[in-house]
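Before any comments, here is the structure.
No lab work stands behind these numbers, since they all come straight from the coordinates. Only a predicted model underlies this, so the values are computations on that prediction, with no experimental measurement involved. Counting neighbours? That spans all protein chains shown, and the Cβs are built from the backbone with ideal geometry, glycine included.
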Amino acid sequence: MRFRELWDEIAPVGRDADSGGYLRYALTAPELRLREWFRAQADLRGMPVSEDGNGNLFAWWGEPDNGDPNTDGRVGTAAVLTGSHLDSVPHGGAYDGPLGVVSAFLAVDELRATGADPVRPVVVAAFVEEEGARFGVPCLGSRLLTGEIDPDRAAGLRDAAGVSFADALGARPAGADPALADRFAAFVELHVEQGRALVDAGAPVGVASAIWPHGRWRFELRGEGNHAGTTRMADRRDPMLTFAFTVLAANKEARLRGAHATVGRVAVEPNATNAVPSTVTCWLDARAATPETLRELVEAVHAKAAERARRDGTELTVTPESATPLVTFDGGLTDRLADLLAAPVLPTGAGHDAGVLAARLPTAMLFVRNPTGVSHSPAESATDDDCAAGVVALARVLEELACR
Ligand code: HGY
Ligand code: MN
Ligand code: MN
Ligand code: MN
């Protein structure tokens, strides 16, 4: 086990010196460097790398499939897929994503050290744009691979500088792999926990039961830009007021339902201290235990924002940007892994590529304890001992799924 050694190789990549967090947006320089690192790690292990035309990378231990999922006429023995993503949210933590990729390579090493002889290929994956931090749609790579998003829609998604996903990728994305379920027997994603359930349980590793349904909605509030010094308060059409009320309403409506609502991103036009804004655009991230609760929550926030917009003389447009349904991981597989590892089973409110692939493949997730419970922040953490326990757990899972 060389966890620290391997971890230190990627630790400086994309790290912001001021915040200590990571700026590893999909297909930008730091993430491209991590993709090169991924290829080098695969190479070191004699694992050929295939790409799926969507920006996702796959390193094969065992006979690789023909590498062109979309023109596939022949599928070999279904492989066991593991891995995660290399991109981050703005000023994100070190572990969210890369821990699953590093652990996957180390789990391959562990298995090989024991002389394991898999009857199925073991494949380490790095999925592109899991966070949606650059192009707005989370799990973009896995959604393309499963056919959950139309390749033309994905191609046209643009980043803040106007660069399209197709341009960043260098091609129109290939889209769904019709042979996906033949190609892969199962997917197991290891991820840092983004909460404190494992701290409470006193366990270094857990198994995921479900992912709350969640989504992103863009709220565009238009008013009238005007002079801060001369415009009478009664004459203003100030979208910032509607915005402020919307944020408070989201918080209240989520609390009422035991759900989660966040407004973590906002853009103000013209963004001047001495001007009443003309437009405020904000993004609502909403998550709840059931689809019904999520729908009610978003409808309630929308209704309250619309009512407030009428009072403020502003105009409101709400656009859904992404939706992730309730994911219940394969019960048989989850129970099997929880028994194998004697690990607790827990749900999460975070989205993952595993949640997308679960619609097509038997899928499970392992979580590694996070002492602070903090994630999507530079304060995200995990101890080396727990990360090593995660690798051992993942190796046992791969042995169970690929060597029998
Ligand atoms: O849950 C999320 O925000 C993302 O999918 N990682
Ligand atoms: Mn094939
Ligand atoms: Mn994340
Ligand atoms: Mn993640």
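Here each label is just a point 7 Å from Cα along the line to Cβ, and for V199 and V374 those points are 1.0 nm apart.
Let me know the charge dipole size of the chain about its Cα centre in debye, to the nearest 20, where only the beta-carbon of Lys, Arg (+1) and Asp, Glu (-1) is charged.
Computed about the Cα centre, the dipole is about 1060 debye.
Could you list T77, T319 in order of exposure, starting from the residue whose Cβ has the fewest other Cβ atoms within 10 Å? The partial results should precede the final answer.
On the way: T77 15, T319 11.
Ascending number of Cβ neighbours within 10 Å: T319, T77.
Sketch the reach of a paramagnetic label on L326 as a point 7 Å from Cα along Cα-to-Cβ, and name the residues of region 239-264 whose backbone nitrogen lies under 20 Å away. Only 254-261 fall inside the zone, counting backbone N under 20 Å. For region 214-324, how big is the tail of P(r) above 21 Å, as a whole percent of Cα pairs? It works out to 35 percent of all Cα pairs.
Annotation: region 45-189 has a Kirkwood hydrodynamic radius of 15.8 angstrom, from the mean reciprocal C-alpha pair distance. By the compact-protein rule of thumb, 2.2 N^0.38 Å, the alpha-carbon radius of gyration of the chain corresponds to a ratio of 1.03.
Taking label positions 7 Å along the Cα-Cβ direction at both T230 and A113, the computed distance is 7.4 nm, reported to one decimal.
Along region 204-221 the Karplus relation, 6.51 cos²θ - 1.76 cosθ + 1.60 evaluated at θ = phi - 60°, assigns HN-Hα couplings of x, 9, x, 10, 7, 9, 7, 10, 4, x, 7, x, 10, 10, 8, 9, 9, 10 Hz to successive residues, with x for each Gly and Pro.
What helices in the chain pass both tests, a Cα length along the helix axis of 18 Å or more and a mean Kyte hydropathy of 1.0 or higher, using whole DSSP H runs? Working shown, then result.
Working: long enough: 29-44 (22 Å, -0.65); 98-113 (22 Å, 1.12); 239-257 (27 Å, 0.39); 291-312 (31 Å, -0.90); 384-402 (26 Å, 0.69).
Both cut-offs are met by 98-113.
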